[in-house]
Amino acid sequence: MGYWKRGLRGSGLEEAINLTNDAYKKRKLAIIQKVPTPITPVKFDKATKYITLAYFEQKSTVDYIGVAQGVPICFDVKETNQKNFPLQNIHTHQIEFMENFIEQQGLAFVLVHFVLYKEYYCLPFTTLKVFWENAQTGGRKSIPYTNFDKSLLVPVEGIYINYLDVVNRLLSEVG
């Protein structure tokens, strides 16, 4: 079991996704929920009411799961301050989960935020898997920013990260 002793990395990004998901639900476009990560607190700061040390009870799957217009979708949200997306941010159990999800006719992807460029990309699982498998056999351990498909750039509309626009494009290519 791993230990957690950090701030909430990417929590601003997750909050934006949560707000977006609320807007999708209100507009009846999708029902997407955050998958809670099961943790057991070890240290708790009573003054601030924050958990300062915890361990993961089990491996989590992805950050979000739900259905959009009748299609099951799951995705993870990652953020990078680099000019590439480090594949160490993806774990074997996540690859296996997304692979199984696709076998059940779902759509799986990673939403990647490049902080340096202030851009969000939808990284389809099929693309991720090619890079990930290559990294497992000694290849490059990251995906360069330049390898991200510009047609999968996710529009940002105020506080909302409108990833469903890109999801609709991916679905039209698949089906």
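Show K129, K25, K118, K34 ordered by accessible area, largest first, where the area counts protein heavy atoms only and the probe is 1.4 Å.
Numbers: K129 50, K25 120, K118 170, K34 75 Å².
So the residues, ranked largest to smallest area, are K118, K25, K34, K129.
So how much accessible area does T137 have, in Å² to the nearest 10, using a 1.4 Å probe?
110
Could you name the aspartates and glutamates in cross-link range of K129, using Cα to Cα under 12 Å and dropping any fewer than eight places away on the same chain?
List returned: E96, E99.
Could you tell me which of rounded, prolate or oblate describes the stretch 52-175, using a ≥ b ≥ c as the square roots of the eigenvalues of the alpha-carbon gyration tensor, with rounded for a/c under 1.5 and, failing that, prolate when a/b is larger than b/c and oblate otherwise? Don't skip to the answer; put the middle values down first.
On the way: a/c = 1.24, a/b = 1.08, b/c = 1.15.
Rounded.
Using a 1.4 Å probe and counting only protein heavy atoms, arrange T80, T52 so the residue with the most accessible area comes first. Please report the intermediate quantities before stating the final value.
On the way: T80 5, T52 60 Å².
If we order T80, T52 from most to least accessible, we get T52, T80.
Distance in nm between label sites at L29 and K141, each 7 Å beyond Cα in the beta-carbon direction?
Roughly 3.8 nm, to one decimal.
Quick check: with the 1.4 Å probe, what order do K43, K78, K49 take by accessible area, largest first? Before the final figure, lay out each step's value.
Numbers: K43 110, K78 35, K49 155 Å².
The ranking, largest first, comes out as K49, K43, K78.
Can you pick out the pairs among K28/K141; K43/K141; K34/K83; K46/K118 whose Cα atoms lie more than 32 Å from each other?
Values: K28/K141 39 Å; K43/K141 34 Å; K34/K83 27 Å; K46/K118 36 Å.
The answer is K28/K141; K43/K141; K46/K118.
Please give the contour-minus-distance gain from K49 to T126: 0.36 nm per residue of separation, less the Cα-Cα distance, rounded to one decimal in nm. Don't skip to the end; give the middle numbers.
Numbers: separation 77, 0.36 × 77 = 27.72 nm, distance 4.13 nm.
Taking K49 through T126 to full extension adds about 23.6 nm, to one decimal.
The values are calculated or read from the model by the stated rules, or taken from the named source; none is laboratory data. Note that the structure is a prediction, hence the values are computed from the model and not measured. All Cβ positions, even for glycine, are placed from backbone atoms using ideal geometry, and neighbour counts span all protein chains on display. Side chains are part of the model used for accessible areas, which takes the heavy atoms of the whole protein and leaves out ligands, DNA and RNA. Shrake-Rupley method; radii C 1.70, N 1.55, O 1.52, S 1.80 Å.
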